[in-house]
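Each remark here refers to the structure printed beneath this line.
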Amino acid sequence: MAKRVPTATESLLKVALGIDIVLIFFGTLVIRGLDRFDEAVVWSVGGALFFVVIVLFRLIRYRFGQWLGHVVHAGMLAGFAIDLAVGLSVAVAVGFWAFGAMRGAQLDRLGPPPGDQPAP
């Protein structure tokens, strides 16, 4: 059985999700250090976001998983309500996601480069 080759969109969005995991970890530490919220709430929300990103990592191969990622990233922009530094960090991660979604789709439409066809 041949192994499924991921699309360019899938690959780029997985990179963006990897960036999100790092952002969620350090963002949780920063928000905890701000002392604006209860520590249990901060760790619970951070853990839930981490879990959502891990689930998205598995679902990204499906179209609905990509749309769910769009919704999650739009919701992440609420980070601006917490602190400007958190919001700007989230904006960079959302920018990576948007780039992966748009450029990956363009690359998928172009197809594989010449000479990069799989062996029979």
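Taking the helices alone, the chain has a mean residue ellipticity at 222 nm of -26000 deg cm²/dmol, built from -39,500 (n - 2.57) per DSSP H run of at least 4 residues and averaged over all its residues.
Each residue in MET76, MET1, MET102 was given a count of other beta-carbon atoms within 10 angstrom of its own, and listing them fewest first yields MET1, MET102, MET76.
When all alpha carbon pairs of the chain are counted in 5 Å bins from zero, the resulting P(r) reads 2, 11, 19, 21, 15, 11, 8, 5, 4, 2, 1, 0 %.
Here is the list for the stretch 55-96: chymotrypsin sites (Phe, Trp or Tyr not before Pro) lying in DSSP coil, each with at most 15 other C-beta atoms within 10 angstrom of its C-beta, are TYR62. When each full DSSP H helix of the chain is screened for a Cα extent of at least 27 Å along its own axis and an average Kyte-Doolittle hydropathy of at least 1.0, the helices passing are 8-34, 39-59, 84-110. The dipole here belongs to the chain: it is taken about the Cα centre, uses +1 on the Cβ of Lys and Arg and -1 on the Cβ of Asp and Glu, and is about 520 debye.
Each reported figure results from applying straightforward, stated rules to the coordinates on display, with no laboratory input. Just so we're clear, the structure is a prediction, and the values are computed from it rather than from any experiment. Ideal geometry is used to build each Cβ from the backbone, glycine not excepted, and the neighbour counts take in all protein chains shown.
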